[in-house]
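Structure, as structure tokens:
The values are calculated or read from the model by the stated rules, or taken from the named source; none is laboratory data. All values reported here derive from a predicted model rather than from experimental measurement. Every residue, glycine as well, gets a Cβ built from its backbone with ideal geometry; the counts of neighbours run over all protein chains shown.
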Amino acid sequence: MTDHASHTPAVHATTARAGVTAGERLLALITAVLLGIDAYVHLRYASNYDSFKSSVMSEGTLFRIQAVVAIVVAVLLLIRPAIITWLLSLLVAGSAAIAVTLYTYVNVGQLGPLPNLYENSWQPAGKIPSAIAEAAAALISIVGLLMAIRRRRSRRG
């Protein structure tokens, strides 16, 4: 057997940029789609919540901010699935999933500039799909984060 035969490609497929695996790219794509669903629901129904206000902002404004942040993080994940972007994705999706669940079951009241977000029902249009997308995106972000950490360690080692 010749020497060049021993230099076969790695078993797992990688992309040229930063050694990101095809699996991690696929997770980034799925997470971006889930964040897109979250953003769509928040943008679609934001006007329904404009009347719920604090002295600083309405719940509709908060929905719009959530949507824009989710879109930005989704795009960043597609461009570069790295530790920082997976952390951002986990923060955005996880905090939204926790918030929608918390404010469905607990009347926390107004917190600082945030209006009272309490809504004791899963019935409002889009609430369940958004919550599912947020929770799934958060869980996948954890997996993506672990993959990115592993990739970084293997490059150093």
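Test of understanding: among 22, 28, 32, which residue is out of contact with any Pro (no Cβ under 8 Å at 6 or more places or on another chain) and either touching a residue at least 60 places away in the same chain (Cβ under 8 Å) or buried (at least 17 other Cβ atoms within 10 Å of the Cβ) (or both)? First the steps, then the outcome.
On the way: 22 fails: either touching a residue at least 60 places away in the same chain (Cβ under 8 Å) or buried (at least 17 other Cβ atoms within 10 Å of the Cβ) (or both); 28 fails: out of contact with any Pro (no Cβ under 8 Å at 6 or more places or on another chain).
Of 22, 28, 32, the one residue that is out of contact with any Pro (no Cβ under 8 Å at 6 or more places or on another chain) and either touching a residue at least 60 places away in the same chain (Cβ under 8 Å) or buried (at least 17 other Cβ atoms within 10 Å of the Cβ) (or both) is 32.
Out of the range 93-121, which residues are more than 11 Å from the chain's Cα centre (by Cα) and under 15 Å from residue 38 (Cα atoms)?
Correct list: 98, 99, 100, 101.
Taking the residues in the range 113-157 that are without any contact (Cβ under 8 Å) to a residue 12 or more places away in the chain and not in a helix (DSSP H, G or I) as candidates, determine which candidate is nearest to residue 93 (Cα to Cα).
So, considering only residues that are without any contact (Cβ under 8 Å) to a residue 12 or more places away in the chain and not in a helix (DSSP H, G or I), the one nearest to residue 93 (Cα to Cα) is 123.
Name the residues in the range 36-83 that are among the polar types (S, T, N, Q) and part of a helix (DSSP H, G or I), would you? Lay out the reasoning, then the answer.
Taking the range 36-83 first, the residues among the polar types (S, T, N, Q) are 47-48, 51, 54-55, 58, 61, 66.
Passing the criteria: 47, 48, 61, 66.
Based on this model, can you work out whether residue 82 counts as modelled with pLDDT of 95 or more, surrounded by 13 or more Cβ atoms within 10 Å (Cβ to Cβ), more than 13 Å from residue 32 (Cα to Cα) and of a type in the set (Gly, Ala, Ser)?
yes
Could you list, in sequence order, all residues of the range 89-109 that are touching a residue at least 12 places away in the same chain (Cβ under 8 Å), closer than 18 Å to residue 142 by Cα and β-branched (Val, Ile, Thr)?
Matches in the range 89-109: 92 only.
With touching a Pro at 6+ places or on another chain (Cβ under 7 Å) and under 18 Å from residue 141 (Cβ atoms) as the only criterion, which of 71, 37 stands out?
37
How about the range 88-135: which of its residues are among the small types (Gly, Ala, Ser) and surrounded by fewer than 14 Cβ atoms within 10 Å (Cβ to Cβ)?
Applying the first criterion (among the small types (Gly, Ala, Ser)) to the range 88-135 yields 89, 93-97, 99, 109, 112, 121, 125-126, 130-131, 133, 135.
Once the filter is applied, which keeps residues that are among the small types (Gly, Ala, Ser) and surrounded by fewer than 14 Cβ atoms within 10 Å (Cβ to Cβ), the range 88-135 yields 109, 112, 121, 125.
Anything in the range 1-54 that is among the polar types (S, T, N, Q) and at pLDDT below 90? List them, or say none.
Of everything in the range 1-54, those that are among the polar types (S, T, N, Q) and at pLDDT below 90 turn out to be 2, 6, 8, 14, 15.
Confirm whether residue 49 is aromatic (Phe, Trp, Tyr), without any contact (Cβ under 8 Å) to a residue 24 or more places away in the chain and either surrounded by fewer than 16 Cβ atoms within 10 Å (Cβ to Cβ) or under 17 Å from residue 125 (Cβ atoms) (or both).
When the stated conditions are applied, residue 49 passes them.
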